[in-house]
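The values are calculated or read from the model by the stated rules, or taken from the named source; none is laboratory data. Only a predicted model underlies this, so the values are computations on that prediction, with no experimental measurement involved. Cβ placement follows ideal geometry from the backbone for every residue including glycine, while neighbour counts extend to all protein chains displayed.
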Amino acid sequence: MTAALDIDRVSHSFGSVAALTDVSLHVPRGGFTALLGVNGAGKTTLFSLITRLYDNTSGTIRVAGHDLRRAPRQALARLGIVFQSRALDADLSVRQNLAYHAALHGIGRAEARVRIAEVLDQAGLTDKGGDRVSALSGGQTRRAEIARALIHRPDILLLDEATVGLDVKSRAEVLALTRRLIAEQGVSALWATHIMDEIQPDDDLVILHQGQILRRGRASNIAGRQGLTQAFLSLTGTPA
């Protein structure tokens, strides 16, 4: 089966500074892959390449089998994106934001109403559809952004530090929503984070440090007996 996301030997530089070096990773259909790295590891640069904010000039990126450089429209149409920075219009209601995003994807009004109801229910926000985004809590706003990313029914969600700035309860709710979408809807996810507590033992894990992949595999195998925190510190040379 075609993978949701395949990245093969992708590098990127800003002038003489290498941001990514020969990065390769694979997100299977219906899979959750955690991309773990400290701030500045290259996670956001990688997401910017996957979403075509930057042009990848080395290696290949395929989304649901579509080569990002050869067929960018088809590839990008299969992505649902939640960036670290907020993307909703705070002065509009949640439902208005979703309707606008649906229109950008060429979804007609009648179909958009059906899909908006669907994604609000999936995000646990059915009773918040008429509220302005500015009136939502941080966790509710994040769930609304996930609903927005789902409106065109993508194959894979990209979530870049989606829990930054949230309290513990809201962080858990956003992560639980993402995992539930995988289990119930078959959506795939690439979850970028610097928070090791968000990773479960059975997760596929990729450790990114200074633009290079240090380890990949099941989180429990990488952690071993010493635990994920100590394994990460050891791999990255970070002082305890």
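Table: residues versus (1) over 24 Å from A144 (Cα atoms); (2) modelled with pLDDT of 95 or more; (3) part of a helix (DSSP H, G or I).
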{"position": "G40", "(1), (2), (3)": "yes, no, no"}
{"position": "Y54", "(1), (2), (3)": "yes, no, no"}
{"position": "S58", "(1), (2), (3)": "yes, no, no"}
{"position": "I61", "(1), (2), (3)": "yes, yes, no"}
{"position": "Q74", "(1), (2), (3)": "yes, yes, yes"}
{"position": "G80", "(1), (2), (3)": "no, yes, no"}
{"position": "D91", "(1), (2), (3)": "no, yes, no"}
{"position": "Q96", "(1), (2), (3)": "no, yes, yes"}
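Take V94 and tell me if it is of a type outside the set (F, W, Y) and surrounded by 15 or more Cβ atoms within 10 Å (Cβ to Cβ). So V94 passes the test. Evaluating V114 against the criteria (1) more than 26 Å from N39 (Cα to Cα); (2) in contact (Cβ under 8 Å) with a residue 12 or more places away in the chain leaves one unmet condition, (2).
If the condition is being touching a residue at least 60 places away in the same chain (Cβ under 8 Å), among the aliphatic types (A, V, I, L, M) and either touching a Gly at 6+ places or on another chain (Cβ under 8 Å) or closer than 25 Å to V164 by Cα (or both), then the stretch 65-84 contributes L79, I81, V82.
Considering only the stretch 1-21, state which residues are over 14 Å from I50 (Cα atoms), loosely packed, with under 14 Cβ neighbours inside 10 Å and in contact with a strand residue (DSSP E or B) (Cβ under 9 Å, 6 or more places away or on another chain).
Quick first cut of the stretch 1-21, residues over 14 Å from I50 (Cα atoms) only: 1-3, 13-19, 21.
Next, from what is left, pick out any that are loosely packed, with under 14 Cβ neighbours inside 10 Å: 1-2, 14-17.
Once the filter is applied, which keeps residues that are over 14 Å from I50 (Cα atoms), loosely packed, with under 14 Cβ neighbours inside 10 Å and in contact with a strand residue (DSSP E or B) (Cβ under 9 Å, 6 or more places away or on another chain), the stretch 1-21 yields only T2.
Take the conditions (1) assigned by TED's automatic domain parsing to the domain that holds R171; (2) within 24 Å of F14 (Cβ to Cβ); A64 misses just one of them, which is (2).
Given the structure, is R86 assigned to a loop (DSSP other than H, G, I, E, B), modelled with pLDDT of 95 or more and either within 15 Å of the chain's Cα centre (by Cα) or not assigned by TED's automatic domain parsing to the domain that holds I50 (or both)? Against the criterion (assigned to a loop (DSSP other than H, G, I, E, B), modelled with pLDDT of 95 or more and either within 15 Å of the chain's Cα centre (by Cα) or not assigned by TED's automatic domain parsing to the domain that holds I50 (or both)), R86 does not qualify.
Within this structure, L53 passes the test of being within 16 Å of the chain's Cα centre (by Cα) and surrounded by fewer than 15 Cβ atoms within 10 Å (Cβ to Cβ).
Take T178 and decide whether it is over 17 Å from G30 (Cβ atoms), at pLDDT 95 or above, polar (S, T, N, Q) and surrounded by 15 or more Cβ atoms within 10 Å (Cβ to Cβ). It is false that T178 is over 17 Å from G30 (Cβ atoms), at pLDDT 95 or above, polar (S, T, N, Q) and surrounded by 15 or more Cβ atoms within 10 Å (Cβ to Cβ).
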